[in-house]
Amino acid sequence: MSAITPPAPWDNVAAVSRSFDLSMESTATGEQLHSAFSDKEYWLARYEGSGARLDSLVIDADSSVTVTIVGDGQREKMTGPIARLYPRSWQTVQEESWTLIGGGQVRGAISIATRGAPGSGRATALASPTPHGSRIKFTGTVEFNVPLIGGRIESLIARQLSKQISELLQFTADWITSHD
């Protein structure tokens, strides 16, 4: 006799998403960003100690870079109302692709999906030259399929992304400086 696993509370909830737009400056040029994203050592350093691992790094003939990062989530590392909605453990799968498109510009596509928990996100990015590096514009959506409170959590996550992306850009600029 097999046990029947009841559906998670988010399994049959209609997806509603929250959009966000961010624009940030970086001291790194588009070419420098693309070069860092093409280097396995960059990705290993970026996720060191985070509980995530580089699953794949593929560089196509046109120099487009595609990476997959897999992370093991743990509810104990989360705070607030979001933690109560997640199981004890779950996985995130993050895929990023970065392409030089000419004129010193780099286009990116990022997706994050969870396995075993609600929530996902996706974004596009465009790094364009500035006199002192680049300006990176992000446009994306966050989905958190939980009845009644999903929209509030999406808003919270969208706000947190601004801080996280800023920290990521600083890490990347510092990594580039130390590896030139």
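A few notes on this one:
- Remark: Ile101 matches the filter, which requires a residue to be at pLDDT 90 or above, surrounded by fewer than 17 Cβ atoms within 10 Å (Cβ to Cβ) and aliphatic (A, V, I, L, M).
Conditions tested, residue by residue: (1) at pLDDT below 95; (2) of a type in the set (Ser, Thr, Tyr); (3) under 21 Å from Ile101 (Cα atoms).
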{"position": "Met24", "(1), (2), (3)": "yes, no, yes"}
{"position": "Leu33", "(1), (2), (3)": "no, no, yes"}
{"position": "Ala36", "(1), (2), (3)": "no, no, yes"}
{"position": "Tyr47", "(1), (2), (3)": "yes, yes, no"}
{"position": "Ser50", "(1), (2), (3)": "yes, yes, no"}
{"position": "Ser56", "(1), (2), (3)": "no, yes, no"}
{"position": "Asp60", "(1), (2), (3)": "no, no, yes"}
{"position": "Val65", "(1), (2), (3)": "no, no, yes"}
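- Candidate set from segment 115-141 (those that are surrounded by fewer than 18 Cβ atoms within 10 Å (Cβ to Cβ) and closer than 16 Å to Gln94 by Cα); member that is modelled with the lowest pLDDT: Gly116
- Residues of segment 36-62 classified as closer than 21 Å to Gln91 by Cα and part of a loop (DSSP other than H, G, I, E, B), total: 5
The values are calculated or read from the model by the stated rules, or taken from the named source; none is laboratory data. Owing to the predicted nature of the structure, the values given are computational and were not obtained by experimental measurement. All Cβ positions, glycine included, derive from the backbone under ideal geometry; neighbour counts span all protein chains shown.
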